[in-house]
Amino acid sequence: MASAEKIVNELKKQGITHAVGVPDNGSARIYELLRAEPEIEVITVTREGEAFALASGLYVGGKKPVIIIQNTGLLESGDAIRGTVINMRVPVVVFIGYRGYHNRDADGRWVDSVASFLEPTLNAWDLPYEMLETDSDIPCISGAFEKAEATSLPAAVLLIGHAT
């Protein structure tokens, strides 16, 4: 599992001003550490689709937000993604908790169907992503920010497991 402290340190290096989203079990420690950072404002929303609209507004206002949600929330957010961060060309990085990644039955099928939809959905929406499971994957965070900046479009980091 990846260290939440190392993730937050990398987000600070990237100069984020806001973290927007809906905390879940996998991201709880990240949110806890972000709330302790005086230069980063944490904004929780009631639905994940709101996070994309809010992050877009923050970006237009000169801020550098990051979105932190779970894969179930990403699926709920389709029109918000299309209508804001893609259409507005907002280079935001989205951390997505990969709920169900390690849970397969004896035949290799996903136990939680949301896991089976995440990567095909990201591919269908042409959203690039990197996998973050251990501390050795932390460099993918800067890669996602570079990709978002280069394309003026969102890029994702898939959080596998709980950040500790």
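Structure summary
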item: Residue list for the stretch 97-143, restricted to those being touching a helix residue (DSSP H, G or I) at 6+ places or on another chain (Cβ under 8 Å), among the small types (Gly, Ala, Ser) and assigned to a loop (DSSP other than H, G, I, E, B); result: Gly100
item: Subset of the stretch 144-164 [in contact (Cβ under 8 Å) with a residue 40 or more places away in the chain, assigned to a helix (DSSP H, G or I) and either surrounded by 16 or more Cβ atoms within 10 Å (Cβ to Cβ) or in contact with an Asp or Glu (Cβ under 9 Å, 6 or more places away or on another chain) (or both)]; result: Ala144, Phe145, Ala148
item: The listed residue being surrounded by fewer than 24 Cβ atoms within 10 Å (Cβ to Cβ) and at pLDDT 95 or above, out of Gly97, Gly62, Gly78; result: Gly62
item: Criterion violated by Met131 - all others in (1) in contact with a Leu (Cβ under 7 Å, 6 or more places away or on another chain); (2) touching a residue at least 60 places away in the same chain (Cβ under 8 Å) satisfied; result: (2)
item: Given (1) over 24 Å from Arg89 (Cβ atoms); (2) under 12 Å from the mean Cα position of the chain (by Cα); (3) not charged (D, E, K, R), index of the condition Val20 fails; result: (1)
item: Identity of the residue in the stretch 126-164, touching a Lys or Arg at 6+ places or on another chain (Cβ under 8 Å) and farther than 21 Å from Pro65 by Cα, that ends up modelled with the highest pLDDT; result: Asp135
item: Enumeration of residues in the stretch 46-75 that are in a loop (DSSP other than H, G, I, E, B) and within 18 Å of Val8 (Cβ to Cβ); result: Lys63, Lys64
item: Scope the stretch 9-37; condition farther than 16 Å from Gln70 by Cα, of a type in the set (Asp, Glu) and not in a helix (DSSP H, G or I); matching residues; result: Glu37
item: Residues that are surrounded by fewer than 16 Cβ atoms within 10 Å (Cβ to Cβ) and of a type in the set (Asp, Glu), drawn from the stretch 4-50; result: Glu5, Glu32, Glu37, Glu39
item: Residue check for Ser113: out of contact with any strand residue (DSSP E or B) (no Cβ under 9 Å at 6 or more places or on another chain), without any contact (Cβ under 8 Å) to a residue 60 or more places away in the chain and among the polar types (S, T, N, Q); result: yes
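The values are calculated or read from the model by the stated rules, or taken from the named source; none is laboratory data. These numbers come from a predicted model, not from an experiment. Glycine also receives a Cβ, built like all others from the backbone with ideal geometry; neighbour counts cover every protein chain displayed.
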